[in-house]
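A quick write-up on the structure given underneath.
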Amino acid sequence: MNPLRLLNKPPTSISIEASTKCPLNCTYCERAGKGENIMVEDYKKITERMSESGTLANIVYCGIGESFMHPKFYQMVDETEVKSISIISSGMLPIDFERLHNNKKLKLIIFSIDAVTEDKIKAICGEKYQFDVLLDNLKAMNRFAEKNPKVMTLLNCTVNEKNYNDLLEIMEFAIEHKFKIVHYSLPWGQEEFIARNYTEITANIQRARDAAQKNKIITDDPFHSYCCIQIDSIMPFVNLKGELFPCGFALHSNYIVGNLLESSFDNLWNSEKYMEFRKGSLCETCFMMRMGKIESGELYASIRQ
């Protein structure tokens, strides 16, 4: 679905940043500094604002860092009064799946996996990557998924200079480890790389999608998918400071509509800044919206020649 059709629909999900700490150093990541964790008191205030809104019922734990770096992350998940939760993780820190699902609200867990060998994944994500821990987590995930079939498991691979010829191999890894969904993300702000290697990238994605179809794995075309859409609306993002961004690209662009520690979501939704966003001007410059222009040849045509 095109995000422009959802701009005026109040969101049902919100992305919360639990930590900006991360042991990795991925080549395509914009994270800078040593990072910090959200204060539990601030987290509680933000989730209280969610319940006040009347529409925000789902949390996606995602951010520049790794949520499991927060020492009280499981406690925060346990105490959250929402309809459902989703978690995005590198998968290379030990995960207690039963604890995550203690309140039966875990709906989706996403592992960011950019390669299927230790050497290659360290080349992309840094020498601190614990590949053995990832494999242990995947075994635990499958044991958990057998008992909880309604919980969806998703492998997300960010396409980059080091892995764009390995996309079928990554799909085969997902099949081996029984993921239900696979998504290939295009790296933000790297249109030149995508345009330059467009033919190879799209061919490799199609080979991977063919394998997914044969094995009944859900997948999509990253040139026509929008990570800003969660369930049925555009998902806003709140960072450690409580600052609210109306979408992921707004975070990338530092387009802040207010602060959930200082105001209700309803007030921010009806604020002048959020209303301006809802006119769609930011969407016109969004990286994901520009992908269609790369496909049609309108953007960076000279690079692809």
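The values are calculated or read from the model by the stated rules, or taken from the named source; none is laboratory data. Fair warning: this is a prediction, and the values are worked out from it, not measured in the lab. Cβ coordinates were reconstructed from backbone atoms using ideal geometry, including for glycine residues, and neighbour counts include every protein chain displayed. Just the protein is used for accessible areas: all its heavy atoms, side chains included, with ligands, DNA and RNA removed. Shrake-Rupley method; radii C 1.70, N 1.55, O 1.52, S 1.80 Å.
Each Cα pair under 8 Å and six or more residues apart adds its separation to the average, and for the stretch 1-124 the resulting relative contact order is 25 percent.
Determine the alpha carbon to alpha carbon distance for each of LYS150/LYS216; LYS44/LYS72; LYS83/LYS216; LYS180/LYS279; LYS104/LYS241 and list only those over 24 Å. Flagged as over cut-off: LYS83/LYS216; LYS180/LYS279; LYS104/LYS241.
Remark: the chain carries 47 Å² of accessible area per residue (probe radius 1.4 Å; ligands, DNA and RNA excluded). Sorted on the mean count of surrounding Cβ atoms within 10 Å across their residues, most packed first, peptides 212-223, 134-145 read 134-145, 212-223. In order along the stretch 60-66, the Karplus-derived 3J(HN,Hα) couplings, from 6.51 cos²θ - 1.76 cosθ + 1.60 at θ = phi - 60°, round to 10, 7, 7, x, 6, x, 9 Hz, and Gly and Pro are given as x. Placing +1 on each Lys and Arg Cβ and -1 on each Asp and Glu Cβ, with no other charges, gives the stretch 93-226 a dipole about its Cα centre of roughly 820 debye. On full extension, the segment bounded by HIS252 and ASP136 gains 38.5 nm, given 0.36 nm per residue less the C-alpha separation.
Please work out the FRET efficiency for the pair ALA203 and ARG5, using the Cβ-Cβ distance as r and a Förster radius of 30 Å; give the result to the nearest 0.05. The calculated FRET efficiency here is 0.50. Pairs from the list LYS45/LYS105; LYS21/LYS273; LYS21/LYS128 with a Cα-Cα gap above 24 Å: LYS21/LYS273.
Database remark: amide H of HIS183 closer than 5 angstrom to the amide H of LEU155, ASN156, CYS157 (H placed geometrically; neighbours at sequence offset of 5 or more, or on other chains; Pro and chain starts carry no H). Placing +1 on the Cβ of every Lys and Arg and -1 on the Cβ of every Asp and Glu, with nothing else charged, gives the chain a dipole about its Cα centre of roughly 580 debye. Computed from the C-beta positions of ASP78 and ASP232 and an R0 of 22 Å, the FRET efficiency is 0.25 to the nearest 0.05.
In the chain, a dipole from Cβ-located charges (positive for Lys and Arg, negative for Asp and Glu) runs towards its positive end, and of LEU135, ILE194, ILE175 it is ILE175 whose Cα lies farthest in that direction.
Here the 3J(HN,Hα) profile of the stretch 235-247, calculated from phi with Karplus coefficients 6.51, -1.76 and 1.60 at θ = phi - 60°, is 8, x, 10, 10, 8, 4, 7, x, 5, 9, 10, x, 6 Hz, Gly and Pro shown as x. For the chain, carbon and sulfur atoms together expose 48% of the accessible surface, with a 1.4 angstrom probe and every protein chain in place. Amide hydrogen proximity for VAL60: with H placed 1.01 Å from N in the peptide plane, the residues at 5 or more positions away or on another chain lying under 5 Å are ILE14, SER15, ILE16, SER86. Helical runs (DSSP H, four residues minimum) scored at -39500 (n - 2.57) apiece and divided by the length of the chain put the mean residue ellipticity at 222 nm at -10500 deg cm²/dmol.
Annotation: peptides 174-181, 237-244, 92-99, ranked by per-residue average of other Cβ atoms within 10 Å with the highest first, follow the order 237-244, 174-181, 92-99. The loop-placed trypsin sites (Lys or Arg not before Pro) in the stretch 1-78, going by DSSP, that have at most 10 neighbouring Cβ atoms within 10 Å of their Cβ come out as LYS34. A straight line joining the Cα centroids of the stretch 203-246 and the stretch 170-191 runs 10 Å.
When the surface is traced with a 1.4 Å probe over the full set of protein chains, THR202 keeps roughly 40 Å² accessible. Residues of the stretch 227-255 falling in the label zone of GLU276, defined by backbone nitrogen less than 17 Å from a point 7 Å along Cα to beta-carbon, are 244-247, 249-255.
Under the convention that each Lys and Arg Cβ holds +1 and each Asp and Glu Cβ holds -1, the size of the dipole of the stretch 1-117 around its Cα centre is about 320 debye.
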